[in-house]
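Input: a single structure, listed below in structure tokens.
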Amino acid sequence: MSDTTDFFIEKFRRNLEVADESPRYFRPRPYRNAAVRFRKCSIDDFEKRRDILVNEAGLNAFLFRAAMIPGCDLLSDSGTTTMTMEQWAAMMLGDESYGSNEGYFELINRIEDVFGTGWVDTSFAMGGYSDSLFLFHQGRAAENAFFTILARELRELPEVPVPVLSDGLMPELKERIQSKLDSLPERRRSTDEAMFIIPSNSHFDTTQGNIEDKRMIPLNLPCREHLEKNEEFLFRGNMDLEELENLLAVEKERVPLVYLTITNNTGGGQPVSMENIRKIREITSRYGTPFFFDACRFAENAWFIRKNEEGYSDKSIKKIVHEMFSNIDGFHISLKKDGLANMGGALVIRKDGAFYKKFPHIREGFTDYQIMAEGHPTYGGLPGRDLKAISEGLRTVTHLDYLDARIGQVVRFGQKLSESGIPIINPVGGHAVYIDVDKFFGGTAADEDFKGIAFTGLMLIAGHRVCELGLYAFGSYDGKTETPPSPRVNYIRAAVPRLAYEDRDLFSVVEAARILADNRDRIPAVEVKYGRALSLRHFKSRFDFKE
Ligand code: F0G
């Protein structure tokens, strides 16, 4: 079909003939396989995969049939968990009653157990109905409900802040917010429309999308160490406290709440320290501003605190999680990550916290939204059996032996990639390894060649799926000019599903990537065939290799 891909297929095939070089392992995994899934395809079918990639999927990793991946599918760690036998057993006992099913009560008790007291009413004084736990079918549905109802409340405020920024803002911060304002359509800038800002260490893209959709400004305040790519700094997920303090000091009426994503997915899966969490609490309390987590990977974040922050090495993960969550007024969570489940999401708001004090009537809005969009609040778009699986998953995810094995595996995978000469974000985060595309090509690849897409395409031919999160995913095109993301991000993410693969599987991904690294000058450019100017274009576009 093509000389270049033939060249790589020959290399991938020859590599399979090399004798296996086993690493040394001293500790067995803390679990054993209880069910396995045989592949429906063979690693040797390189030409077949190339055919599907080019002719069916248009080089788009999202559009490639999962059943044709014989190696590791590292597209996402979300909903891709292998569930435990205990979870499967719990599912068999699912209660599919329409209202107040058994799993709902179990989950309420589990939330108190995992996240600490004060979150939910375990006396069930209001029967099977909680005004602090709102269930949704996944994380982004919880985000959508939250920002839809919040925007409605904000419109009702007696005085709304107009889009003229204070001169008291730090110049660089002001410029960043102003450039976001300037990129809004003219119609919105020229009116007196309210302008609210939602800061975070870094918003995930669905959170950002939901905030923008409700006409608010998502603002990322990552710490200096992260921006400077400091590889020695162990908490690169932290927020920049100086910028947060300044923002609240001069613009607090614009900031309905402050967010922290734990771990910081967009910034490389990097953890946030307890010290940073505590200081954000101090700052937000001083200004009466509610403080929330996007808590998808809360247990992984707690593991990093235990390992790397002074004073935590002898504390249990559960104790650390309780302390983390004692600092906040609410959180939303995709239970497809550290819920160890295949589906599920929730919004949880502290009954006596700053958010309900600031918006005392908002809870009814969330419940009404649930009833209109998801179902009765006691199941929130989820089968009763899934609630049981989530409840059991939340029990397992805080076990230290599970987290040691989980994050240890991701770190070993990252180290092997590094040893093979593949540049990655260091230190390695909790759920994924991020390959630095700019460094990989040593600055020789033209932006519009989208070589990150070519990389993911060649990896699919090799038998593994990874995902471009860089110039194509975050850049944009107006029909004439391509604009790269600002600040520039250009990564390929290899997200590791929980409890799904063994190290040897991941090391075979490293081998395929090493072949690409050894022959990086032969990696072709790609041409965008469809969708370059679309929103969320990386999910929909089609490409071809340029020869
Ligand atoms: N917040 C974070 C930090 C996430 O990583 C995700 C999803 C969501 C919110 C949305 O949750 O998928 O249940 O609707 N992240 C996935 C990923 C998709 O691959 O990183 P969801």
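The values are calculated or read from the model by the stated rules, or taken from the named source; none is laboratory data. Because the structure is predicted, anything quoted here is derived from the model rather than measured. A quick note on method: Cβ atoms are made from the backbone with ideal geometry, for glycine too, and the neighbour counts reach across all protein chains shown.
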Consider SER313 against the criteria (1) free of Cβ contacts under 8 Å to residues at least 60 places away in the same chain; (2) surrounded by 24 or more Cβ atoms within 10 Å (Cβ to Cβ); (3) not in a helix (DSSP H, G or I): it satisfies all of them except one. Which criterion is unmet?
(2)
When you scan region 302-316, do you find a residue that is out of contact with any Leu (no Cβ under 6 Å at 6 or more places or on another chain) and within 12 Å of the ligand (Cβ to nearest atom), even just one?
no
Taking region 492-527 and the residues there that are in contact with a helix residue (DSSP H, G or I) (Cβ under 6 Å, 6 or more places away or on another chain) and part of a strand (DSSP E or B), the one that is surrounded by the fewest Cβ atoms within 10 Å (Cβ to Cβ) would be VAL526
I need the full set of residues from region 143-159 which are farther than 17 Å from GLU364 by Cβ and either near the ligand (Cβ under 9 Å from one of its atoms) or in a helix (DSSP H, G or I) (or both), in order please.
GLU143, ASN144
With respect to LEU169, is the statement that it is in contact (Cβ under 8 Å) with a residue 40 or more places away in the chain, away from the ligand (no atom under 16 Å from the Cβ) and more than 25 Å from PHE293 (Cβ to Cβ) true?
yes
Look at region 472-491 and say how many of its residues are away from the ligand (no atom under 16 Å from the Cβ), part of a loop (DSSP other than H, G, I, E, B), surrounded by fewer than 22 Cβ atoms within 10 Å (Cβ to Cβ) and not charged (D, E, K, R).
7
Could you tell me which residue of region 286-300 is farthest from the ligand (Cβ to nearest atom), considering only residues that are in a helix (DSSP H, G or I) and closer than 15 Å to SER326 by Cα?
ALA299
Among the residues of region 426-443 satisfying the criterion of being part of a loop (DSSP other than H, G, I, E, B) and surrounded by fewer than 23 Cβ atoms within 10 Å (Cβ to Cβ), which is nearest to the ligand (Cβ to nearest atom)?
VAL428
If I ask for residues that are surrounded by fewer than 18 Cβ atoms within 10 Å (Cβ to Cβ) and in contact with a Lys or Arg (Cβ under 8 Å, 6 or more places away or on another chain), which ones from region 1-17 would you list?
MET1, THR4, PHE7
Condition test on LEU382, is it more than 14 Å from the ligand (Cβ to nearest atom), modelled with pLDDT of 95 or more, under 23 Å from the mean Cα position of the chain (by Cα) and outside the structural domain of ILE277 (by TED's automatic domain parsing)?
no
Residue list for region 163-175, restricted to those being modelled with pLDDT of 90 or more, surrounded by fewer than 18 Cβ atoms within 10 Å (Cβ to Cβ) and either not small (Gly, Ala, Ser) or not in a loop (DSSP other than H, G, I, E, B) (or both):
ASP167, MET170, PRO171, GLU172, GLU175
Given the condition under 29 Å from the mean Cα position of the chain (by Cα), hydroxyl-bearing (Ser, Thr, Tyr) and outside any helix (DSSP H, G or I), answer yes or no: does some residue in region 41-59 qualify?
no
Could you tell me how many of the residues in region 336-353 are crowded, with 19+ Cβ neighbours inside 10 Å and away from the ligand (no atom under 16 Å from the Cβ)?
2
Can you find even one residue in region 240-249 that is within 16 Å of the ligand (Cβ to nearest atom), within 30 Å of VAL164 (Cβ to Cβ), touching a residue at least 60 places away in the same chain (Cβ under 8 Å) and not charged (D, E, K, R)?
no
Give me the residue from region 235-276 that is of a type in the set (Val, Ile, Thr) and buried (at least 24 other Cβ atoms within 10 Å of the Cβ) and, out of that set, nearest to PHE196 (Cα to Cα).
VAL258
Determine the pairs where a residue that is closer than 16 Å to PHE331 by Cβ, located within region 104-127, has a partner that is surrounded by fewer than 17 Cβ atoms within 10 Å (Cβ to Cβ) and among the acidic types (Asp, Glu) with Cβ atoms under 8 Å apart, the partner being 6 or more residues away or on another chain.
ILE108/ASP121; GLY118/ASP352; TRP119/GLU112; VAL120/GLU112
Just checking, does region 402-420 include any residue being in a loop (DSSP other than H, G, I, E, B) and not acidic (Asp, Glu)?
yes
Failed item, numbered, when LYS451 is tested on (1) over 22 Å from PHE64 (Cβ atoms); (2) touching a Phe, Trp or Tyr at 6+ places or on another chain (Cβ under 7 Å):
(1)
Does THR81 satisfy being within 16 Å of the ligand (Cβ to nearest atom) and crowded, with 16+ Cβ neighbours inside 10 Å?
yes
Go through region 221-243 and give me each residue that's within 18 Å of HIS203 (Cα to Cα) and out of contact with any Ser or Thr (no Cβ under 8 Å at 6 or more places or on another chain).
CYS223, ARG224, GLU225, HIS226, LEU227, ARG236, ASP240, LEU241, GLU243
Could you say whether any residue in region 110-125 is assigned by TED's automatic domain parsing to the domain that holds TYR472, aliphatic (A, V, I, L, M), at pLDDT 95 or above and surrounded by 14 or more Cβ atoms within 10 Å (Cβ to Cβ)?
no
